[in-house]
Amino acid sequence: MRAAALWLVALVIFGVVASGCIGGEEAKTSQAEVQLTGDFTKDVVEIGKVLEQNGVKEVKFSAWGSGDPNSVMRVYGIVEAARRINKIWADNGINVKIVVTETHYVASFQDAYKEYLSKQPLGQAGDFFVNSYAFLPTLADEGYILDITDYAKAYQSVIDDFYPSLIEASKYNGKLYGLPQDTEARPLYIRKDVAQKIGFDLNGLDEKVKNGEFTWSDVYYWAKKAKDEGAAEWGLIHRKGSAHPDLIQFIFAFGGKLYDPNTGKLVVDVPAVYKWLYVEWKFARDGLLPGDIMSWDWAKQIHPTVVEGRTLFDIGGTWYWTEWQTKQYYAKEGTPRGLKPEEVRDWFCYTLFPAGEKGKEPVTLSQPFVWMINSKAGQLNPKYDELKDIYHKLAFLMLIKASDPDINAIHSVISAHLPVRKDAAKLIKDEKWLNGLKALNLDLSDEVKSNIGDIVQATVNPINAQFLADVSYMLEYTHLAPAHPKYPALADIFKEAVDKVLRGEMTPEEAVKYIVQKVQADPELAQNVEIQGEIPKDWKFPQG
Amino acid sequence: MTKGKLRDLSFFLSPMVLMVFLFYLVPLVMTIYISMTRMRNWNVERYLTEFVGLYNYERLFYMFQHDPTFKAVIMTTLVFVGITLVINVFGGLALALATFFINERPASSYRLLWLLPRMSPIAVYSLVWYYFFHGSEIGTLNSILMSLGFISQPIPWGQVTPWGAWSVIIFVNGLVGVSFGMIVFTSALNQIPKELVIAARVDGASSWQISRRILIPMIKWHLLYVLTWQFLSLLTTYPHLFLLVQWDLVNRDYGTTLALYVFNTAFGRGEQDQGLAAAAAVILSIIGILGGFVTLKVLKFERMMKKPRGDF
């Protein structure tokens, strides 16, 4: 009996001590709250201290990205950010390290999105995900990415350095879900050699396009002349695949819209869509644009036709500029090779996407890529449940670091995307900095240097920097496709309609009816899309 | 049935019963359940309990009625399954018979050749046909025909609707499927006592007569098996079709079967609507079950299953 009483007392004492310890732990966890102050070094150090106190020596993160081969900084920016934060910790005697365990990079951004969508609920998706802002609404709506609105408040000065339209593109329902990583414009490229053969004076063309004096009727006129006089095989080449985002520029160029902010619904602007389809139809019927271009092969047909001067016009993206230099599309002399920077400069003129008709304005279109944070970021790390907020804040700080002007500027120069920050835009005009990049004599990790070395050699030169500087003004004319979860489905229907008019299977009128029918056939899509306006009756193209 | 017999049966059948339960019944029940939820974008946590009854079926039928291209999907499914089935079964039979009458060594090599499409990775195999049928002068077929002077302009094979698109998908899938029948029939033919063939030869029968009167009747059940198997397989196949459509080689409307429609709805780009896809999959399963049942009934499958006489 006495022994039993002693055991009971011992148990009670143990219980009290244990609860004290647990209580102590709780106190420790409450200390784990770190308020972001906007002082980057201070915030990183605070977070490092909390991690260290909790026995965390290594924080693992993975980065998923996608895009053309020159855009690998979309993942190596994260690697570099980790190194810079590790350095801060080391300098402050904090024994914690970030390790980027995986840099998953694939060519197709749509495939990357599909992979993220299926793996995020299983907890197998990357901690950082860079992809088109077009997917952000769905990811945010499903709770798959982190709302960083509150974190960003402390870093307002950094946020203010981004171009405002790009920050808007990173929001959904008024909340911030990512930071812009890059953007671009979609110029109309013109072959100077073909233009010269037909007497097409390109001097001052930029201004005429800006003023809306040079419209798509003029594009038609010169394309036809180039074809008729045998100066080129085609008048115009454009991209294939989804009508988003390249071809929907026509809707904006004809003064149309795709989204009604008052109702929050997508819009099929019938007059603008009709005019767009009519232009495509007319070009294809007159043999100026291949009727089967939507099934052309990128590497064997589209790019070679453009770089070999077999077309007068080409609708492309700014990234073509460096892609033409690093990929072997040019085979006119036999062995395929990339273009030299001088050749790209001497052969191509570039302007905004002209106005659809007189009285309208020129446009361009951007599809910003956005750095997003997985809502489960850091989940594979120790004490995730207790330190979730710390890991998420650390992930946010990594995005802030990965957005450093120099990292952003490197990405812009080597991939011909436009910088997203004003400070980065200044940097790409700095010759000294460019020379440092060319020699890879910058404060970058060896891993990053070895992964971008070849691309840097092929692309960093004054010609490419000048190109970026020249096209930057286009952002003033930029439009963004609506960030709406149903937009990809609508863009897909547009693509089908374009293909049918190009092939001559449908007239523009029939194609507009087809779009309306397709939208109305799906009750969910129909609820989210407004059909506005009528097919214009006496509209003519080309106009005099 | 005695207890002992029941125990023996349970012992031998249980692995199969378990397999059927785990890999057929459970997914089927799950598919039916998902078809009655608003499941999308793989958000199981959020939508699995959001029960919407027959909403997805109603939406699907509404789309069937009003979508201008849905008729093409139905027609494509019928034509694709019908013609490819005939090619797979009778092509396989022809190949098996052809190799039956030649020496074993060349016959093996010949059979191996027909197995290549099945052994090649789907993407590689599809890419070969992508370049072969490409609708421009870079397409192998077009460049051959143009250099021989048969055509002056390249023909967009897969974009000529409907038969151009149908021909390409039937050709590509037919080549893959034909080897299955060939293997089954070859194996069945090898079980037939050689004496029968030798005796018929001695009596002066030609290869055609031997095939028609002796060989084909003796592999009737194998024919039935291949026919049913290939029917169900073709009804649900989509990987080659997916790539050919994705790469814009064939017209999307006339290159999409119901199975591909299900896949694209569940895993396609843009919004991934697993609830709607599950509803379409349930309808596809019903068609498959009915089709399989009718095939077996018409061809009197149960006669093969009855007890052999004399041995018991």
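Summary of values
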read-out	value
Any hit, the stretch B:140-147, residues being part of a helix (DSSP H, G or I), surrounded by 14 or more Cβ atoms within 10 Å (Cβ to Cβ) and in contact (Cβ under 8 Å) with a residue 40 or more places away in the chain	no
Tabulated pairs, the stretch A:108-126, first within 18 Å of A:ALA140 (Cβ to Cβ) and more than 8 Å from chain B (Cβ to nearest Cβ), second at pLDDT below 95 and open to solvent by 50 Å² or more (accessible area, probe 1.4 Å), C-beta under 6 angstrom, 6+ apart or interchain	A:ALA125/A:LYS119
3 or more residues modelled with pLDDT of 95 or more: qualifying helices (runs of 4 or more DSSP H) within the stretch A:225-339	A:249-253, A:270-285, A:303-307
Enumerated helices (runs of 4 or more DSSP H) restricted to the stretch A:159-221, each holding at least 3 residues that are in contact (Cβ under 8 Å) with a residue 12 or more places away in the chain and open to solvent by 20 Å² or more (accessible area, probe 1.4 Å)	A:192-197
Verdict on B:PHE132 being away from every other protein chain (no Cβ under 14 Å), assigned to a helix (DSSP H, G or I) and open to solvent by 40 Å² or more (accessible area, probe 1.4 Å)	no
Some residue of the stretch B:153-167 being away from chain A (no Cβ under 14 Å), surrounded by 13 or more Cβ atoms within 10 Å (Cβ to Cβ) and closer than 22 Å to B:TYR131 by Cβ	yes
Among the residues listed as A:TYR320, A:TYR330, the single one being under 30 Å from A:HIS411 (Cβ atoms) and either without any contact (Cβ under 8 Å) to a residue 40 or more places away in the chain or touching a Phe, Trp or Tyr at 6+ places or on another chain (Cβ under 6 Å) (or both)	A:TYR330
Only listed residue being away from every other protein chain (no Cβ under 14 Å) and of a type outside the set (Phe, Trp, Tyr), chosen from A:GLY533, A:GLY504	A:GLY533
The stretch A:297-335, subset within 14 Å of another protein chain (Cβ to nearest Cβ), open to solvent by 20 Å² or more (accessible area, probe 1.4 Å) and of a type in the set (A, V, I, L, M, F, W, C), residue nearest to A:ARG239 (Cα to Cα)	A:TRP298
Filter result for the condition that a residue is under 25 Å from A:GLN249 (Cβ atoms), among the aliphatic types (A, V, I, L, M) and in contact with an Asp or Glu (Cβ under 7 Å, 6 or more places away or on another chain), over A:VAL516, A:VAL512, A:VAL501	A:VAL501
Residue match in the stretch A:517-525 (condition: polar (S, T, N, Q) and more than 11 Å from every other protein chain (Cβ to nearest Cβ))	no
Residues satisfying the stated conditions in the stretch A:147-193, i.e. touching a Lys or Arg at 6+ places or on another chain (Cβ under 6 Å) and β-branched (Val, Ile, Thr)	A:THR149
Extreme residue, farthest from A:THR318 (Cα to Cα), among residues of the stretch A:424-442 that are modelled with pLDDT of 90 or more and among the charged types (D, E, K, R)	A:LYS432
Residue list for the stretch B:242-277, filter: closer than 30 Å to B:LEU224 by Cα and either over 17 Å from the mean Cα position of the chain (by Cα) or more than 14 Å from chain A (Cβ to nearest Cβ) (or both)	B:TYR254, B:THR257, B:LEU258, B:ALA259, B:LEU260, B:VAL262
Boolean, A:GLU342 is touching a residue at least 40 places away in the same chain (Cβ under 8 Å), farther than 22 Å from A:LYS197 by Cβ and not basic (Lys, Arg)	no
Among (1) in contact (Cβ under 8 Å) with a residue 40 or more places away in the chain; (2) open to solvent by 20 Å² or more (accessible area, probe 1.4 Å); (3) under 23 Å from A:PRO368 (Cβ atoms), the one test that A:ASN461 misses	(3)
Top-ranked residue in the stretch A:95-107 [being aliphatic (A, V, I, L, M) and surrounded by 18 or more Cβ atoms within 10 Å (Cβ to Cβ); ranked as nearest to the other protein chains (Cβ to nearest Cβ)]	A:VAL100
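The values are calculated or read from the model by the stated rules, or taken from the named source; none is laboratory data. Note that the structure is predicted; figures quoted are calculated from it, not measured. Here the Cβ is made from the backbone with ideal geometry for all residues, glycine too, and neighbour counts use every protein chain on show. With ligands, DNA and RNA removed, areas are computed over all heavy atoms of the protein, side chains included. Shrake-Rupley method; radii C 1.70, N 1.55, O 1.52, S 1.80 Å.
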